[in-house]
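The values are calculated or read from the model by the stated rules, or taken from the named source; none is laboratory data. These numbers come from a predicted model, not from an experiment. As a convention, Cβ positions derive from the backbone with ideal geometry for all residues, glycine included, and neighbour counts pool all protein chains shown. The protein model used for the area step is the full one, side chains on, heavy atoms only, and it has no ligands, DNA or RNA in it. Shrake-Rupley method; radii C 1.70, N 1.55, O 1.52, S 1.80 Å.
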Amino acid sequence: MKKKIKYLYSISSEYEGEYDFELNEIEPLVSKIIDSLIAIDEISLNACFAQFDFKSLSLDILFTDDNKIQEINRDYRNKNTPTDVITFALFADDDFKTVPDGDIYLGEILISVDTAKAQAKEGVQKEILTLICHGILHLFGFDHQTDEDYNFIVNIQDRVINGL
């Protein structure tokens, strides 16, 4: 039997435009996304926290606009264009991982609502949830430097989001 993990997360927004989705409907789905990801053995066994004893996973999600995400993309990734999601995978990228008080702070997910709206094919809310799932996979330590890795992440996120 797998242990029960507590999820601590905050969702904040500095986005000033129209959302085209219900912000309050996103929050309860984040736990379901994490539960679904952890239920996949390939994810739970290979996540950056797999070998650690912990009670909770925490993360932050920030909704922003194309201008802000472009600035962050330029400053941190040397790409002077807007993008849909940027993650700061603090725990996954830390060479000296620690678990104070049983909590693992995974990091932060930044999502451009502008870009999500522009690329949404099946509704903005579904696109936002897909980007959150994608970001969580990055926070779990999964990356897509190869086509094979990218396809793995996309297949997992599609399976999780379609299962909601």
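In region 129-148, what count of residues is obtained for those that are assigned to a helix (DSSP H, G or I) and under 22 Å from Tyr76 (Cα atoms)? Before the answer, list the steps.
Within region 129-148, the first condition is being assigned to a helix (DSSP H, G or I), and the residues that meet it are 129-139, 147-148.
Next cut, under 22 Å from Tyr76 (Cα atoms) only: 131-139.
Summing the residues that are assigned to a helix (DSSP H, G or I) and under 22 Å from Tyr76 (Cα atoms) in region 129-148 gives 9.
Which one of Gly102, Gly135 is open to solvent by less than 60 Å² (accessible area, probe 1.4 Å) and at positive phi? It would help to see each step written out before you state the result.
Working: Gly135 fails: at positive phi.
On inspection, the qualifying residue turns out to be Gly102.
Looking at region 121-164, which of its residues are free of Cβ contacts under 8 Å to residues at least 40 places away in the same chain and of a type in the set (A, V, I, L, M, F, W, C)?
Listed by number, the residues that qualify are Phe152, Ile153, Val154.
Would you please list the contacts, defined by Cβ atoms under 6 Å and residues six or more apart or on different chains, that run from a residue in region 48-72 that is under 19 Å from Leu90 (Cα atoms) to a residue that is β-branched (Val, Ile, Thr) and assigned to a helix (DSSP H, G or I)?
Listed by first residue and then by second, the contacts come to Phe63/Val113.
Restricting attention to region 57-87, and to residues there that are touching a helix residue (DSSP H, G or I) at 6+ places or on another chain (Cβ under 9 Å) and acidic (Asp, Glu), which single residue is nearest to Asp35 (Cα to Cα)?
Asp84
For Asp95, state whether it is among the acidic types (Asp, Glu), surrounded by 17 or more Cβ atoms within 10 Å (Cβ to Cβ) and on the phi < 0 side of the Ramachandran plot.
no
Go through (1) surrounded by fewer than 14 Cβ atoms within 10 Å (Cβ to Cβ); (2) closer than 22 Å to Leu59 by Cα one by one and return the number of the condition Thr146 breaks.
(2)
For region 17-53, which residues satisfy the criterion of being in contact with an Asp or Glu (Cβ under 9 Å, 6 or more places away or on another chain) and modelled with pLDDT of 95 or more?
Keep residues of region 17-53 that are in contact with an Asp or Glu (Cβ under 9 Å, 6 or more places away or on another chain), which gives 17, 21, 48.
Within region 17-53, Cys48 is the sole residue that qualifies.
Could you count how many residues in region 94-120 are part of a loop (DSSP other than H, G, I, E, B) and either within 20 Å of Ser13 (Cβ to Cβ) or in contact (Cβ under 8 Å) with a residue 12 or more places away in the chain (or both)?
The number of residues fulfilling the criteria is 3.
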